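**Q** Below is one structure. I have some questions about it.
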Amino acid sequence: MKKASYNVEASLQACIDYLTPLGRVLVAFSGGVDSTLLINLAKKALPNGAFALSLKNPLIHDFEIEDAIKEAERIDIPHFILEFSPLALEKMRTNPPDRCYHCKLEIFGIILKKAKKLGIEHVMDGTNADDVGDYRPGMRALSELGIKSPFLELGIGKDEVREISGMLGISGSERSPLACLATRFPYNETITLEKIDHIKKAELVLKGHGFKTFRVRYLGEALNMVKIEVGVSELSRLLSPDLREGLNSDIKRLGFSSVTLDLGGYRPGSMNEELKELDNEKP
């Protein structure tokens, strides 16, 4: 449960106290804000016992794995990179509402095997206390596999993660959240490498124009339309005539028939809004 209030220095010490007795840990490292803080804390608490592992796969942007490599090199932590083919899994390709559960079982099964080879007992990830507020079946997989989530267990939410990162001087603590590209597709819409590639390129168009928070949501093969979400503070810039027209042209050129804009702006888990009866699946 997320704490109602917090003291950043006390939370930092709580993290160190949590990690120190573990001896050796393997951190699932995506390159995002949460896992970046976690590997920094693991290095601080366990100078010779902290290891990181990233899975390179089509459902993440290339710049994410590049950021992970740079950060692991910066703090001099052993960093393993393994290949993962999520679309080899039927439950990923067909994209059911519990897709993330099956994917996490596979991903962390791979990480646990690597940990066993390294003689490491503890595998952990950067799930934070705010992550329980959305439909996240993947968290059930983490629980079943015994994956440790220090921020979740200590009640540390996203804002506190950012504050601790800033206090430690970790660059990128204000980066906007990213997520697996499967989240850009409606549930039960078949996911293919071609569709993923088009979504990646569309999001890179937005990134190339300086947008900090962005998603391009695929609205279904029958429509061949996408919906853009950007941060609420960035909406007015996107709507400037020259930029709007240029973005529309650049993204349609990727093969989409129409490009729409969500006037509500980016919000986590917007694809979950279609789910009506899955409250019992919330972790």
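**Q** Between Leu204 and Glu144, how high is the FRET efficiency from 1/(1 + (r/R0)^6) when r is the Cβ-Cβ distance and R₀ = 30 Å? Nearest 0.05.
**A** 0.30
**Q** A further question on this structure: Calculate the dipole size of the chain relative to its Cα centre from +1 charges on Lys and Arg beta carbons and -1 charges on Asp and Glu beta carbons; express the result in debye to the nearest 20.
**A** 380
**Q** Quickly rank 66-76, 87-97, 45-55 as a protection proxy: mean count of other C-beta atoms within 10 Å, highest first.
**A** Descending mean neighbour count gives 45-55, 66-76, 87-97.
**Q** Let me ask something else about it. Report the local net charge at Ser5: Lys and Arg +1, Asp and Glu -1, summed over other residues whose C-beta lies under 13 Å from its C-beta.
**A** Around Ser5, the charge tally is -1.
**Q** Going by how many other Cβ atoms sit within 10 Å of their own, how do Phe80, Phe29 line up, fewest first?
**A** Ascending Cβ contact count within 10 Å gives the list Phe80, Phe29.
**Q** To continue, here is another question. Let me spell out the model: positive unit charges on the Cβ of Lys and Arg, negative unit charges on the Cβ of Asp and Glu, origin at the Cα centre of the stretch 180-252. What dipole size does that give, in debye rounded to 20?
**A** Here the size comes out at about 180 debye.
**Q** Still on this structure: If you rank Met167, Met1, Met124 by fewest surrounding Cβ atoms within 10 Å, what's the result?
**A** Taking fewest neighbouring Cβ atoms as first place, the list is Met1, Met167, Met124.
**Q** With semi-axes √(5λ) of the Cα gyration tensor in Å defined as stated, name the option among [x] 27, 23, 18; [y] 32, 21, 18; [z] 39, 20, 18 computed from the structure displayed.
**A** [y]
**Q** Any idea what angle helix 241-252 forms with the longest principal axis of the chain, computed on alpha-carbon atoms, 0 to 90 degrees, nearest 10?
**A** With both axes taken from Cα atoms, the answer is about 80 degrees.
**Q** Also: Using Cβ counts within 10 Å as a stand-in for footprinting exposure, how do Val226, Val8 rank, fewest first?
**A** Lowest count first: Val8, Val226.
**Q** Now for a separate question. For the stretch 181-267, what's the relative contact order in percent, using C-alpha pairs closer than 8 Å and at least 6 residues apart?
**A** 30
**Q** With label points built 7 Å along Cα→Cβ from the Cα atoms of Val232 and Thr260, find their separation and express it in nm.
**A** Label at Val232, label at Thr260, 2.1 nm between them.
**Q** Could you give the angle, 0 to 90 degrees to the nearest 10, between helix 8-19's Cα long axis and the longest principal axis of the Cα atoms of the chain?
**A** So the helix axis and the longest Cα principal axis differ by about 70 degrees.
**Q** With r defined as the distance between the Cβ atoms of Asp197 and Ile110 and R0 fixed at 30 Å, what FRET efficiency is calculated, to the nearest 0.05?
**A** 0.80
**Q** I need the shape label for the stretch 143-238. Rule: rounded when a/c is under 1.5, else prolate if a/b > b/c, else oblate, with a, b, c from the alpha carbon gyration tensor.
**A** The shape class here is oblate.
**Q** Additional query: Relative to the longest principal axis of the C-alpha atoms of the chain, give the angle of the C-alpha long axis of helix 193-208, reported between 0 and 90° and rounded to the nearest 10°.
**A** 90
**Q** Between Ser176 and Ile16, how many nm apart are label points set 7 Å from Cα along the C-beta direction?
**A** For the pair Ser176/Ile16, the computed spacing is 3.5 nm.
**Q** Counting only other residues whose beta carbon sits under 12 Å from that of Ala14, what net charge do I get with K and R as +1, D and E as -1?
**A** -3
Taken together, the values in this text are just the output of simple stated rules run on the coordinates, not laboratory data. Predicted model only: the values in this text are computed from it and were never measured. Counting neighbours? That spans all protein chains shown, and the Cβs are built from the backbone with ideal geometry, glycine included.
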